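Working notes, beginning with the structure itself.
The values are calculated or read from the model by the stated rules, or taken from the named source; none is laboratory data. Since we're looking at a predicted model, the values are computed, not measured. No Cβ is skipped: glycine too gets one built from the backbone with ideal geometry, and neighbour counts run over all protein chains shown.
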């Protein structure tokens, strides 16, 4: 278990409470204040679908109501790939957004290129802010090379979503937190239905190629360390066994849609909402769009396990661009976004888990038990300044397994041979 997960206080992670959910519509506003003599306009780059975009709009409206001077324009991309490309293009062209929502995997890469301003510079004379305002692990995840490069927005862990109607119609008992890999497979097989060669409903799905937590669930490791790793440990027999089991769900058992099928369907969440996937591994943010489902009932339990439990911990934060011409105003908005008021929008909206300590001082938020439990065993996969270089290599190898061009064991060996020279160069 990583330091990130070990030192996190689970009771505090639950935090915020129903009071925050209630204030998500009205906001607990900052005292109205003036940051400058004239209006300052800043831009905020994000990504996400319609439900996420509504939260961004709500946050801006609350911030505007809290003070008179700073005005924020949101630049939202429909998905991370488009957001990442826009971020790189704008930074290279000398026209970056003032604030960028940044996923953890690329943080070190962007920081090494000087895309963001270190928090130490932004907060040097700011008595209203302290690194101690945040839980050690989320703020640690925004740290690379002994510098904090952004403030943690929140973090997310995974659980098993399932279509209750599909189980009941198939005469199957509903999933429980005691499920093993074999339980997952057996039920996925029973729930997969076909009309000739056409699959009407898949038994299970995830994001397409997401094997990392399966490695941990089998008692194995991926790298020697998650931050700037030097070794790939996927050739360990237990890791190979986990990868093989995972990829067989697609290639041999055929109970899961391929990445190309997910793309055609509009994504994993869309496939589940359409009733074409009976079970789905996804993070807490999926509860936002799933609240719109009216044609069947759904519920959540912890993911299945094997030797032990394991889950991936996704995190993101808000960073101020080094090329911003309005760093002071951008910093004020970033502080607000990651403070109680901003958290009331993002976490109170059911989107993630809080990174802010003050959340623990408020009445409990109705965070579902599977997510609360997953905090204890979920980890960061990797944080490397070489991530942009290694990510395509990982994708290519795993896609080859999905397409039946090589085995999971061959992919593990290839990744070790290809990545370790990059890690150590």
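Restricting attention to segment 140-182 and to residues that are in the same structural domain as residue 276 (by TED's automatic domain parsing) and assigned to a helix (DSSP H, G or I), the residue that is nearest to residue 287 (Cα to Cα) turns out to be 164. Is there a residue being assigned to a helix (DSSP H, G or I) and touching a residue at least 24 places away in the same chain (Cβ under 8 Å) anywhere in segment 75-82? Yes. With respect to the numbered conditions (1) in contact with a helix residue (DSSP H, G or I) (Cβ under 6 Å, 6 or more places away or on another chain); (2) over 17 Å from residue 311 (Cα atoms); (3) in a helix (DSSP H, G or I), which one is the sole condition not fulfilled by residue 230? Status for residue 230: all satisfied but (3). Meeting the requirement of 3 or more residues that are under 30 Å from residue 98 (Cβ atoms) and either over 19 Å from the mean Cα position of the chain (by Cα) or without any contact (Cβ under 8 Å) to a residue 40 or more places away in the chain (or both), the helices (runs of 4 or more DSSP H) wholly within segment 323-425 are 327-337, 387-402.
Considering only segment 358-369, I want to know if a residue exists there that is at pLDDT 80 or above and out of contact with any helix residue (DSSP H, G or I) (no Cβ under 9 Å at 6 or more places or on another chain). Scanning segment 358-369, I find at least one residue that is at pLDDT 80 or above and out of contact with any helix residue (DSSP H, G or I) (no Cβ under 9 Å at 6 or more places or on another chain), so the answer is yes.
Quick one: count up the residues across segment 84-99 that are buried (at least 22 other Cβ atoms within 10 Å of the Cβ) and either within 23 Å of the chain's Cα centre (by Cα) or without any contact (Cβ under 8 Å) to a residue 40 or more places away in the chain (or both). Spell out the reasoning first.
Narrowing segment 84-99 to residues buried (at least 22 other Cβ atoms within 10 Å of the Cβ): 87, 96-99.
Keeping just the survivors that are either within 23 Å of the chain's Cα centre (by Cα) or without any contact (Cβ under 8 Å) to a residue 40 or more places away in the chain (or both) gives 87, 97-99.
Residues that pass the stated criteria total 4.
Taking the conditions (1) over 23 Å from residue 420 (Cα atoms); (2) in contact (Cβ under 8 Å) with a residue 60 or more places away in the chain; (3) not in a helix (DSSP H, G or I) in turn, residue 235 satisfies each one other than (1). When we screen 251, 263, 277, 244 for residues that are surrounded by fewer than 16 Cβ atoms within 10 Å (Cβ to Cβ) and either outside the structural domain of residue 51 (by TED's automatic domain parsing) or within 16 Å of residue 192 (Cβ to Cβ) (or both), the only hit is 263.
When you scan segment 290-297, do you find a residue that is on the phi > 0 side of the Ramachandran plot and either more than 22 Å from the chain's Cα centre (by Cα) or not assigned by TED's automatic domain parsing to the domain that holds residue 200 (or both), even just one? Within segment 290-297 (the criterion being on the phi > 0 side of the Ramachandran plot and either more than 22 Å from the chain's Cα centre (by Cα) or not assigned by TED's automatic domain parsing to the domain that holds residue 200 (or both)), the answer is no, since none of the residues qualifies. Tell me, which residue of segment 118-164 that is loosely packed, with under 14 Cβ neighbours inside 10 Å and either within 24 Å of residue 203 (Cβ to Cβ) or over 26 Å from the mean Cα position of the chain (by Cα) (or both) is modelled with the highest pLDDT? Among those residues, the one meeting the criterion is 121.
Just checking, which of 333, 346 is at pLDDT 95 or above, in contact with a strand residue (DSSP E or B) (Cβ under 7 Å, 6 or more places away or on another chain) and surrounded by 20 or more Cβ atoms within 10 Å (Cβ to Cβ)?
333
Within segment 200-227, work out how many residues are closer than 26 Å to residue 161 by Cα, touching a helix residue (DSSP H, G or I) at 6+ places or on another chain (Cβ under 8 Å) and not in a helix (DSSP H, G or I). Total meeting the criteria: 15. Of the residues contained in segment 399-422, none is found to be at pLDDT below 90 and in contact with a helix residue (DSSP H, G or I) (Cβ under 9 Å, 6 or more places away or on another chain).
Restricting 287, 277 to residues that are at negative phi and at pLDDT 95 or above narrows the list to 277.
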